[in-house]
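Note sheet for the following structure.
Just so it is clear, none of the values below were taken in a lab; they were calculated from the coordinates. All values derive from a computational prediction rather than experimental measurement. Quick reminder, even Gly has a Cβ in these numbers, built from the backbone with ideal geometry, and neighbours come from all protein chains shown.
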């Protein structure tokens, strides 16, 4: 118990720093998730229309996904310099594979009978996409986005090594000093943030399901 009380006392002493780094960490992670989703979903829709191209695009995204985060940041540094820009770019790249693949898979997995029924009622290709394919593929797509959000919060820690700041500063500072209290002061907010992102996206998914079912 003495160790726990010492940690909370230490945490209280550096609470302003933790808060500042948490805010910085959260907006970098959020930017990576949002930009990654907004770029990957349209590409996923496009490749679902061209099965021959889908394998190539997904394989390319998979190759990028396998690059270690530190190596990817190193590749981006000469072009983008230090700071948040290479970190967000790396996060976007890491988000592509799960969202691309699940978007394509979700749309291709829509029941052909549902699509034929919509076409029989005179739906255009755009109406078919918005009213049938995307709503039915939504759980598959959101599963990828939620996974990406949790992973992104963790990967953002590496951004501290290229000047993006965030909670990685505390974690790497604690590692360098072999100070477990400092490591925990950075790790605990990261874990809470990841769980919060996942729960918020779950709430968004439920709201979207309700809105699409009532439309």
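See the values below:
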read-out: Inter-centroid distance (Cα atoms) of the stretch 149-179 relative to the stretch 17-73, Å; value: 19
read-out: Stretchable slack from residue 176 to residue 10, in nm (0.36 nm times residue separation minus alpha-carbon distance); value: 58.0 nm
read-out: The chain - mean residue ellipticity at 222 nm from DSSP helices (-39,500 (n - 2.57) per run, n ≥ 4, rounded to 500); value: -28000 deg cm²/dmol
read-out: Inter-label distance, nm, simple model (7 Å from Cα along the C-beta direction), residue 63/residue 208; value: 3.0
read-out: Shape of the stretch 4-107, Cα gyration tensor, a/c cut at 1.5; value: prolate
read-out: Cα pair count fraction exceeding 20 Å, expressed as % - the stretch 21-214; value: 60
read-out: Estimated FRET transfer efficiency when R0 is 25 angstrom, pair residue 147-residue 70 (beta carbons, to 0.05); value: 0.75
read-out: Relative contact order computed over the chain (Cα-Cα under 8 Å; 6+ residues apart), in percent; value: 27
read-out: Whether the stretch 117-201 is rounded, prolate or oblate, judged on the alpha carbon gyration tensor where a/c under 1.5 counts as rounded; value: prolate
read-out: Residues residue 85 and residue 49, FRET efficiency given R0 of 30 Å [Cβ-Cβ distance, rounded to 0.05]; value: 0.40
